[in-house]
1. Rounded to the nearest 20 debye, what is the charge dipole size of the chain about its Cα centre when +1 sits on each Lys and Arg Cβ and -1 on each Asp and Glu Cβ?
2. Treat every Asp and Glu Cβ in the stretch 1-116 as -1 and every Lys and Arg Cβ as +1, leave all other atoms uncharged, and give the resulting dipole magnitude about the Cα centre to the nearest 20 debye.
3. Which entries of LYS81/LYS231; LYS124/LYS231; LYS29/LYS242; LYS165/LYS211; LYS19/LYS242; LYS131/LYS165 show an alpha-carbon separation above 20 angstrom in the structure shown?
4. Note down the magnitude of the dipole of the stretch 40-180 about its Cα centre, charges +1 on Lys and Arg C-beta and -1 on Asp and Glu C-beta and zero elsewhere, to the nearest 20 debye.
5. Counting only DSSP beta bridges with both residues in the chain, tell me the antiparallel percent, nearest 5.
6. In the chain, if the dipole is taken from +1 on Lys/Arg beta carbons and -1 on Asp/Glu beta carbons about the Cα centre, which of ILE68, LEU224, GLN179 is farthest to the positive end?
7. Could you bin all the Cα-Cα distances of the stretch 126-245 into 5 Å bins starting at 0 and give me the percent of pairs in each, rounded to whole numbers?
8. Among PRO123, VAL143, ASN98, whose Cα projects farthest towards the positive end of the dipole of the stretch 92-159, with charges put on the beta-carbon of Lys, Arg (+1) and Asp, Glu (-1)?
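Just so you know, all these numbers are worked out from the coordinates, no wet-lab data involved. Everything numeric in this text was worked out from a predicted model, so none of it was measured. Neighbour counts run over all protein chains shown; Cβ positions are idealised from the backbone, glycine included.
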Amino acid sequence: MGWTITSSTQLMEAVYDMKSKLAQKIGVKEGLTIVDIGCGPGPDHPPSFTVCLAELVGEKGRVLGIDISDENVGDFLDEAKRFGVEGRVDFVKGDAVNLIGIIEDNFADMIVSYRFLEEFMRPKELSKVIKEMVRIVKPGGKVCIMELSTQTENEAEEIFISLHKDWGDSFFDSREIAQQLRRNGLVNVQIETSESDIWYSPSVAEKDFWKEFREEIITKLGALTKKYGMKYPPIFIVSGHKLTS
Ligand SMILES: C[S@@+](CC[C@H](N)C(=O)[O-])C[C@H]1O[C@@H](n2cnc3c(N)ncnc32)[C@H](O)[C@@H]1O
């Protein structure tokens, strides 16, 4: 098995590289103002998507991170400093279903989210999230939602998804998200997939198992992981543009 990732450092670098390429693929460019919904990174994670956005928008751009929790805001801001992008990144605590009073209408060139919906535990309120995204993007601007694809193609990807399903993460159907974007008036709505080449060796995969449930996960997935390792699944990208009135 050709595992590409055999250490935690390599994993961090590979995920960082994957996120940066994804940000380029969706069209992040110098000078843009971007809102990143569900930006919270968590303390031990690779650089957040927000950092990758901030590197690409450059000194004239701006990235506003929104998260319902400010538990990790210290890490988030420290990380921005570490990557030299602190002057262009702000954080505001807010619930994605209602950002009125926090972000004005037509505020940003792009509204993005990267693996936010997997931790959004109110599936019936997806339409409210999309409505808010559409409200705060400028006419002509782009809304872009990126999530893990559950259309797995091998056992190593299946292990990654199974781990997240057991953890209680939500998995939304990309077609449902696309339909909601159209219903809210966005045009050129597209669904794309972006592959990763991040194949965790068995030992790196096991290090990624959550401490609290380690024994339980090893009982369920340990033998499979030893055989196949684990793979970061493809990311689906659902995007659409707001009409220029
Ligand atoms: C998997 S993390 C996001 C990962 C991050 N975007 C990255 O670059 O790796 C999901 C985040 O969504 C946030 N979240 C969950 N529900 C939310 C809501 N209703 N509004 C805003 N943020 C929310 C969580 O607090 C968490 O920080």
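1. Details: 30 positive and 40 negative charges, 157 e Å.
In debye, rounded to 20, the chain gives about 760.
2. Dipole of the stretch 1-116, to the nearest 20 debye: 420 debye.
3. On the way: LYS81/LYS231 30 Å; LYS124/LYS231 30 Å; LYS29/LYS242 18 Å; LYS165/LYS211 16 Å; LYS19/LYS242 24 Å; LYS131/LYS165 27 Å.
Pairs exceeding 20 Å: LYS81/LYS231; LYS124/LYS231; LYS19/LYS242; LYS131/LYS165.
4. Details: 16 positive and 28 negative charges, 153 e Å.
In total the dipole reaches around 740 debye.
5. Numbers: 16 of 37 bridges.
Bridges in the chain are about 45 percent antiparallel.
6. Ranked along the dipole, the leading option is GLN179.
7. Taking every Cα pair in the stretch 126-245, the percentages come to 2, 11, 19, 17, 13, 11, 10, 8, 6, 2, 1, 0.
8. In the stretch 92-159, that residue is ASN98.
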